[in-house]
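Asker: Below is one structure. I have some questions about it.
The values are calculated or read from the model by the stated rules, or taken from the named source; none is laboratory data. No experiment lies behind these values; they were computed from the predicted model shown. Methodologically, a virtual Cβ is constructed for each residue, glycine included, from the backbone with ideal geometry; neighbour enumeration extends over all protein chains shown.
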Amino acid sequence: MVMTSFKFRKRSEYAIAMMVLIGNGDKVSVKAMQANDLPRSYLVKIAKDLIKAKLIKAKEGRGGGYSLARDPDKITLLDIVGAVEGLVSSKDDSKTMGKVRQEVETVLTRHKLSEF
């Protein structure tokens, strides 16, 4: 069997897209994110996770929106995916699966938000 591509879960895809939009501006509103085909129902939930992970901050009211809480050079894909999916490690993993997970985490750590 040949693996031709790697796909994130929708939640991670939306979180990465949201972070890229926020990283490209001062403050980004939910309305602006919806204009970029990000569904509101996901945005609010994802934003809460990203705020809890201290990756973004929110300002409510007029002129409000979301902004980065840290420099985009200091935010990795692993930070984003970990914030919305959680990072799972299990004692029940085989040696091989543990190794694969470590390799995926290494790649996600290598790529910063500023690259996107």
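Asker: Can you tell me which condition ILE51 does not meet? The list is (1) loosely packed, with under 13 Cβ neighbours inside 10 Å; (2) assigned to a helix (DSSP H, G or I); (3) without any contact (Cβ under 8 Å) to a residue 24 or more places away in the chain; (4) not aromatic (Phe, Trp, Tyr), and all the others hold.
Answerer: Unmet for ILE51, out of (1) loosely packed, with under 13 Cβ neighbours inside 10 Å; (2) assigned to a helix (DSSP H, G or I); (3) without any contact (Cβ under 8 Å) to a residue 24 or more places away in the chain; (4) not aromatic (Phe, Trp, Tyr): (1).
Asker: Working only within region 1-29, note down all residues that are among the hydrophobic types (A, V, I, L, M, F, W, C), at pLDDT below 80 and more than 14 Å from the chain's Cα centre (by Cα).
Answerer: Answer for region 1-29, where residues must be among the hydrophobic types (A, V, I, L, M, F, W, C), at pLDDT below 80 and more than 14 Å from the chain's Cα centre (by Cα): MET1, VAL2, MET3, PHE6.
Asker: Could you give me the residue pairs with C-beta distances under 6 Å whose first residue belongs to region 61-74 and is modelled with pLDDT under 90, whose second residue is surrounded by 15 or more Cβ atoms within 10 Å (Cβ to Cβ) and aliphatic (A, V, I, L, M) wherever it lies, and which are 6+ apart or on separate chains?
Answerer: Between residues of region 61-74 that are modelled with pLDDT under 90 and residues that are surrounded by 15 or more Cβ atoms within 10 Å (Cβ to Cβ) and aliphatic (A, V, I, L, M), the close pairs are GLY65/VAL28.
Asker: For region 64-73, name all the residues that are in contact with a Ser or Thr (Cβ under 9 Å, 6 or more places away or on another chain) and more than 15 Å from MET33 (Cα to Cα).
Answerer: ASP71, PRO72, ASP73
Asker: Have a look at GLY63, GLY25, GLY86 and point out the one that is closer than 16 Å to ARG11 by Cα, among the small types (Gly, Ala, Ser) and surrounded by fewer than 14 Cβ atoms within 10 Å (Cβ to Cβ).
Answerer: That would be GLY86, the only listed residue that is closer than 16 Å to ARG11 by Cα, among the small types (Gly, Ala, Ser) and surrounded by fewer than 14 Cβ atoms within 10 Å (Cβ to Cβ).
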